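Data first, discussion second: the structure below is written as structure tokens.
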Amino acid sequence: MPLDTFQTLADPTRRRIVAALRGRERQVNDIVVEAGIHQSGVSRHLRILQEAGFVAVRPDGQRRLYSLRPEPFRELDAWLAAYRELWEARLDRFGAALEARRARAGDTKKERRK
């Protein structure tokens, strides 16, 4: 059974691997240094990321170069967009309430000065 997006990214080691691949494609040994785990562990996590669609592998002679695929991140961003809108609307209402409170506080200070 394939892992869903959140299960895939829930593992901190896989998130470190994703972060290591964010800038450019890399070989396993480069990722080992960045992730701080053994090569066998990196290979296992890369396989999981590849099966989940997050990582692509490109043969280059004897080397295998790994890179991030943008599609699952776009899907994740699209899913989060609805929640982002929810929180932005709440933050807008919160900001308006703060402004109203500041305005009332300013009116109260003016009344006291009179």
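No lab work stands behind these numbers, since they all come straight from the coordinates. Predicted model only: the values in this text are computed from it and were never measured. Neighbour counts run over all protein chains shown; Cβ positions are idealised from the backbone, glycine included.
Near I17, within a Cβ-to-Cβ distance under 12 Å, what is the net charge of the other residues, with Lys and Arg +1 and Asp and Glu -1?
Values: positive: R14, R15, R16, R22, R26, R44, R47; negative: D11, D30, E34.
So the environment of I17 carries a net charge of +4.
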Completion exercise
Answer in debye to the nearest 20: the dipole magnitude of segment 70-114 about its Cα centre, from +1 Lys/Arg and -1 Asp/Glu charges placed on Cβ, is 880
Exercise for the section: Please get the size of the charge dipole for the chain, origin at its Cα centre, with Cβ charges of +1 on Lys and Arg and -1 on Asp and Glu, quoted in debye to the nearest 20. Expected result: 860
Exercise for the section: Using Kirkwood radius over Cα pairs in Å as the read-out, say which of (1) 13.9; (2) 17.4; (3) 14.3 was calculated from these coordinates. Expected result: (2)
Fill in the blank from the handout: To the nearest 20 debye, segment 5-68 has a Cα-centred charge dipole, built from +1 on Lys and Arg Cβ and -1 on Asp and Glu Cβ, of 40
Problem - Net charge of Cβ neighbours under 14 Å - reference A81; Lys, Arg +1; Asp, Glu -1 - result: -2
